[in-house]
Every structure is written in C-alpha cells, then in structure tokens.
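*Asks:* If you scroll down you'll find the structure; I have some questions about it.
Nothing in this text is a laboratory measurement; each read-out follows from the coordinates by a stated rule. These numbers come from a predicted model, not from an experiment. Note that we place each Cβ from the backbone using ideal geometry, even for glycine, and neighbour counts take in every protein chain shown.
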Amino acid sequence: IVRMIPGFDDSVIAGILQHHERWDGTGYPVGLERDGIHLFGRIIGLADAFDAIVTARPYQSAGSFSYAQSRIQEL
C-alpha cells in the first residue's frame, strides 16, 4: 500500500516495514538484526516503543518518561 503513495522513497518504506525488527534479531517480519535494520526502521521502532509505554491503553496505564527511558535503554 505504501509503495503506491507518491513521494515515499525506499528509505521511508524500509522504515515502515522494519520498525518491528529488533537489534538482537527477535523482531518481525523478517528477523533482521543490528545493522541489517534500516536506520529509519530503528528510529520508527524507538518512537513506537516510547509511545506504547507513555500512552494510556484500556489494559494499561501510561508510564512515565523516565520509565520509558529505562525500558528503552534495556532494549
């Protein structure tokens, strides 16, 4: 779907596709690791993790900035 949007170059598409990959290779959809994950994927993944921690959900209250920072540093 994203490939059909004019102006999205390969870097943006890689970031979107890879933002659930993890540095240790345990992510998805491919299981990429370390430098195999595009920089944009790493940045979007970081933002996604931060948002998931500090945003209240029906099943979980929002975490603090310092809690998010410590959890992300563990990754």
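*Asks:* Out of all the residues in segment 34-75, which are under 26 Å from residue 9 (Cα atoms) and outside any helix (DSSP H, G or I)?
*Replies:* 37, 38
*Asks:* Any residue at all in segment 13-33 that is loosely packed, with under 13 Cβ neighbours inside 10 Å, part of a helix (DSSP H, G or I) and without any contact (Cβ under 8 Å) to a residue 60 or more places away in the chain? Talk me through it step by step, then tell me what you get.
*Replies:* Of all residues in segment 13-33, those loosely packed, with under 13 Cβ neighbours inside 10 Å come to 24, 26, 28-29, 31.
Subset that is part of a helix (DSSP H, G or I): none.
So far as segment 13-33 goes, no, none of its residues is loosely packed, with under 13 Cβ neighbours inside 10 Å, part of a helix (DSSP H, G or I) and without any contact (Cβ under 8 Å) to a residue 60 or more places away in the chain.
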